[in-house]
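Here's the structure, in structure tokens; my notes come after.
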Amino acid sequence: MRKYYLLIIAGVLILDRLTKWMVIQKIPLYSSVDVIPGFFRLTHLQNPGAAFSLFAESPSPFKTTILVAVSVAALVIVARLLWLRRNDFNRTTLALALIMGGATGNLWDRLADGRVTDFLDFYLGAHHWPPFNVADSAIVVGALLLLSRTLHGARTRAAE
């Protein structure tokens with residue numbers, strides 16, 4: 001079953017690296033390309049903070065070090081969980097593989113540049129979602145799968 005985890009992790013990482021590279025090559029920093037006017041655009045941004053620009057404005061000289069340490073710790077935990085479930089392929093292991101691929105993609109950026117390239121930019125009028133990237137998407141989808149698994153398990157136990 002490990003080959004499936006590795007394929008998912010590699011797929012997320014390759015898609016993340018490729019899309020970030022394309023954005024860096026084709027869209028100048030802080031510039032945008034409208035895809036669906038009034039709703040979605042590609043905007044080249046560099047995020048020195050965590051997901052959704054959390055801590056981006058922090059003046060701490062240790063910000064990048066702490067974010068790298070948290071990412072590495074998360075990767076170790078997820079790798080351990082996948083190792084323990086090496087003979088299973090289910091919603092939980094899919095979620096863990098997505099999280100690992102996304103965390104690896106953002107860690108790559110942070111180690112290379114000290115910041116992460118974001119470009120998926122959704123908005124509706126004055127309402128604006130913080131820009132994100134493919135790695136962030138994989139992490140969120142993985143987290144939602146884990147949450148649904150947890151909630152589904154709680155309902156199943158309650159029904160019993």
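Derivation of every value follows stated rules applied to the coordinates shown; laboratory data play no part. For clarity, every value in this text was computed on a predicted model and none was experimentally measured. Backbone-built Cβ (ideal geometry, glycine too); neighbour counts: all protein chains shown.
Could you work out the helix-only [θ] at 222 nm for the chain, with each DSSP H run of four or more residues adding -39,500 (n - 2.57) and the total divided by the number of residues, to the nearest 500 deg cm²/dmol? Walk me through the numbers before you get to the answer.
Working: 4 runs with 96 residues, N = 160.
Computed ellipticity for the chain at 222 nm equals -21000 deg cm²/dmol.
Within the straight-line cut-off of under 29 Å between alpha carbons, the lysines reachable from residue 3 are 20, sequence neighbours fewer than 8 places apart in one chain being disregarded.
Taking the Cβ of each residue in 26, 3, 63, 20 as the centre, tally the other Cβ atoms inside 10 Å and list the residues starting with the fewest.
3, 26, 63, 20
The candidate values are [x] 1.13; [y] 0.95; [z] 1.02; the one derived from this structure for Rg/Rh (Cα atoms, Kirkwood Rh) carries the label [z].
Using alpha-carbon pairs under 8 Å, 6+ residues apart, how would you state the relative contact order of the chain in percent? Walk me through the numbers before you get to the answer.
Working: 226 pairs, mean separation 50.1, N = 160.
Rounded, it is 31 percent for the chain.
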